[in-house]
1. Going through the stretch 128-231, which GluC sites (Glu not before Pro) have at most 14 other Cβ atoms within 10 Å and a DSSP loop state?
2. Per-residue HN-Hα couplings for the stretch 367-378, Karplus 6.51 cos²θ - 1.76 cosθ + 1.60 at θ = phi - 60°, whole Hz, x for Gly and Pro?
3. Taking the Cα centre of the chain as origin and charging only Cβ (+1 Lys, Arg; -1 Asp, Glu), how large is the dipole, in debye to the nearest 20?
4. Just to make sure I understand: if all protein chains stay in place, what is the order of 35, 174, 169 by accessible area at 1.4 Å, largest first?
5. Can you give the FRET efficiency to the nearest 0.05 for residue 371 and residue 134, using r as the Cβ-Cβ distance and R₀ = 56 Å?
6. So, with +1 on the Cβ of K and R and -1 on the Cβ of D and E, and no other charges, what is the size of the charge dipole of the stretch 92-245 about its Cα centre, to the nearest 20 debye?
7. Could you tell me which residue out of 165, 198, 208 lies farthest along the dipole of the stretch 134-222 toward its positive end? Charges go on the beta carbon: Lys and Arg +1, Asp and Glu -1, centred on the Cα centre.
8. Residue separation times 0.36 nm, minus the C-alpha to C-alpha distance between residue 145 and residue 225: what's the value?
Amino acid sequence: MAEAYIVAAARTAGGRRGGKLAGWHPADLAAQVIDALVVKSGIDPAAVEDVILGCVSQVGEQATNVARNAVLASRLPESVPGTSVDRQCGSSQQALHFAAQAVMSGAMDAVIAGGVESMTRVPMFTPNALPAKAGLGTYMSPAMKRRYPGVEFSQFTGAEMIAKNYGIDKDALDRYALESHRRAMAATRSGAFEGEIVPIEILQADGSGTGERHMVDEGIRFDATLEGIAGVKLIAEGGRCTAATASQICDGASGVLVVNERGLKALGVKPIARIHHMSVMGHDPVIMLEAPLPATLRALKKAGMRIQDIDLYEVNEAFAPVPIAWLEALDADPARLNVNGGAIALGHPLGASGTKLMTTLVHALGRRGKRYGLQTMCEGGGMANVTIVERL
């Protein structure tokens, strides 16, 4: 079977809700990343055989196949198709898996995988809230209710369950959040993100340009202190998690260009990483966020590797208990985890986060001269994707 290679990876800097990316229609925002991948790789736009984009809230401006709409808003020709993927927070990581599988099979030679989410323009829970308000029902079917009687699936509940089950107190969560901001600050100040961020013009409410470009992740709190984080109100009475120890609502887009050996030769491009392993696993949908733990253990076993063989890890910081519990379960090195900060500081643009993390991972491997990187993230419904890459 052919190999799958990443030849370009890019992302927007994260935008806060109502912030510097709020003026962008999500299809246009995704198109900016698509165009950047073409420029970075230097390939003929017509050589792209498919665009696969992850997006969680596929309604409103993100409806009617946002991937195809992004293609039509980009420099790619109309001959390039597009399809949209929803594996909840792992949507664009799954898009990467689909792209890799396509080129490994030989069915295609060059595919763009990515994701987009404007949480300002299409707020979280909109796909559920609008139909419910219109009396069109909910995603919970009678069969699901029989299997999980009285259960209201909630990531907030899952985060508290993980914190309790793994004995993680509020102080540990607060300290972890502070470290996320500190690492993100250090990465920004050192220029670690410069090679991966696509400069995006800041638009006014009427869509006109301001002449300014958004290039720094807007969620980083450069004045963060432990006292400030510790003082944030608890999400649930008697709980341990706060908004400060959870991922930030974020607008953003990201993507990678994936090719096989035939694509490398035909397009004249050089790879920056090789897909070494990819898998996905379902787990308990009630605790929901714990899936990355068993999924990573299984992925390492299938890949014939140990956690010590992995140089850097990206574990999405949906809530601080997730990466902390992951470190404990894997007996992993905290110094290799989210070395440039995570979603607590940088934001979690839902469907865009998978290839956002992968973009940061492959660039971090390159800057540090490291070989293997692993990415995983918790996903709604109790699932987790795991991807292992080798820097080339």
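The values are calculated or read from the model by the stated rules, or taken from the named source; none is laboratory data. Please read these numbers as outputs of a predicted model, since none were measured by experiment. Glycine also receives a Cβ, built like all others from the backbone with ideal geometry; neighbour counts cover every protein chain displayed. Only protein heavy atoms, including side chains, enter the accessible area calculation; ligands, DNA and RNA are left aside. Shrake-Rupley method; radii C 1.70, N 1.55, O 1.52, S 1.80 Å.
1. 152, 194
2. Coupling constants for the stretch 367-378: 5, 9, x, 9, 9, 10, x, 10, 10, 8, 7, 6 Hz.
3. Using only the charged Cβ atoms, the result is roughly 480 debye.
4. The residues order as 169, 35, 174, largest area first.
5. 0.60
6. 720 debye
7. 165
8. Length gained between residue 145 and residue 225: 24.5 nm.
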